1. When only residues in region 57-76 that are under 30 Å from Gly195 (Cβ atoms) and exposed (fewer than 14 other Cβ atoms within 10 Å of the Cβ) count, which is nearest to the chain's Cα centre (by Cα)?
2. Where the second residue is of a type in the set (Lys, Arg) and surrounded by fewer than 15 Cβ atoms within 10 Å (Cβ to Cβ) and the first is within 15 Å of Leu63 (Cα to Cα) and in contact (Cβ under 8 Å) with a residue 40 or more places away in the chain and lies in region 32-47, which pairs have Cβ atoms under 9 Å and are six or more apart or on separate chains?
3. Only one of Ile11, Ile2, Ile33, Ile7 is out of contact with any Gly (no Cβ under 7 Å at 6 or more places or on another chain) and modelled with pLDDT of 95 or more. Can you tell me which?
4. Within region 233-259, track down each residue that is in contact with a Leu (Cβ under 8 Å, 6 or more places away or on another chain) and farther than 21 Å from Asn172 by Cα.
5. Note down all Cβ pairs under 6 Å where the first residue falls in region 1-25 and is within 24 Å of Ala141 (Cβ to Cβ), the second is outside any helix (DSSP H, G or I) and among the small types (Gly, Ala, Ser), and they're at least six residues apart or on different chains.
Amino acid sequence: MIDDPYIFGQIAAANSLSDVYAMGGKPIVAMNIVCFPSCHDMNVLAEILKGGFDKVKESGALLVGGHTVDDKEPKYGLSVSGIVHPDKVLSNATSKVGDKLIITKPIGVGILNTAMKEGLVDKEVSEKVIETMIHLNKYAAMSFDNIEVNSVTDITGFGLLGHALEMAKASNVSIEIDSKEVPILEGAVDMARMGIIPAGMYRNKEYIGKDVSTNNIATEIEDILYDPQTSGGLLISVREELADMLIKDMKKNGSIEAKVIGEVKEKSSKYITVI
């Protein structure tokens, strides 16, 4: 996905840490999980591990070793453990009718990563994609200490619509997303219009399309809403009267984005409606 091993390590770590933030927790310890060919340049592995270490350090957690396996293809991730007060565990199954939905990172990462592999985007766009992926959800999640939210999930491989569907099904509600309000990375619409689409988008659409209504939405926008994200942002369901306060607090804490993109409705024939 990314040629630079240091950035690769940062992205993997940010992605691994995200699940703890999505449950309202604080990461405490992380362990490296490495598969790497013994015949490969070990300086590459050193840079991957340095990238991971720096993100774990930024999170406030401790890196406590890990496991290494000789493998033909390099793979890297982390096993992360965190803590959360039993009364403050956040779930994707507790959205309430009337809640506003807030997203904390722009989407389009999968499409732009595909374009980057083919050299179709300029350096400025590539740097923005990387900045988005290595950004920790820590800064958005800091607001959960002060402002009560109802439900949270992180947006990764199933795309915005896939993870919104998980939240809707688990909470027995329907979700309406305003496509005009969804933040999209620069260049993603143009690439989607050209048909530069990762295979994961088609799998997501096939898997969840029956539960989603996207009438009158441009094809390229629809594709981006299904686009699989790597180290995506949080999707937060919060009472309407607290939404503006939450957005301001997350931005004050350093969240890369914080924006209302929809709301939670009574359960209807479709779990997700995009307008």
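1. The residue in question is Lys75.
2. Final answer for the pair search is Ile33/Lys75; Val34/Lys75.
3. Result: Ile11 is the single residue among Ile11, Ile2, Ile33, Ile7 that is out of contact with any Gly (no Cβ under 7 Å at 6 or more places or on another chain) and modelled with pLDDT of 95 or more.
4. Ala258 - this is the single residue of region 233-259 that is in contact with a Leu (Cβ under 8 Å, 6 or more places away or on another chain) and farther than 21 Å from Asn172 by Cα.
5. Pairs found: Ile11/Ser231; Ala12/Gly77; Ala14/Ser231; Asn15/Ser231; Ser16/Gly77; Val20/Gly82; Gly25/Gly82.
The values are calculated or read from the model by the stated rules, or taken from the named source; none is laboratory data. Predicted model only: the values in this text are computed from it and were never measured. In this analysis, Cβ positions are derived from the backbone assuming ideal geometry, glycine residues included, and neighbour counts consider all displayed protein chains.
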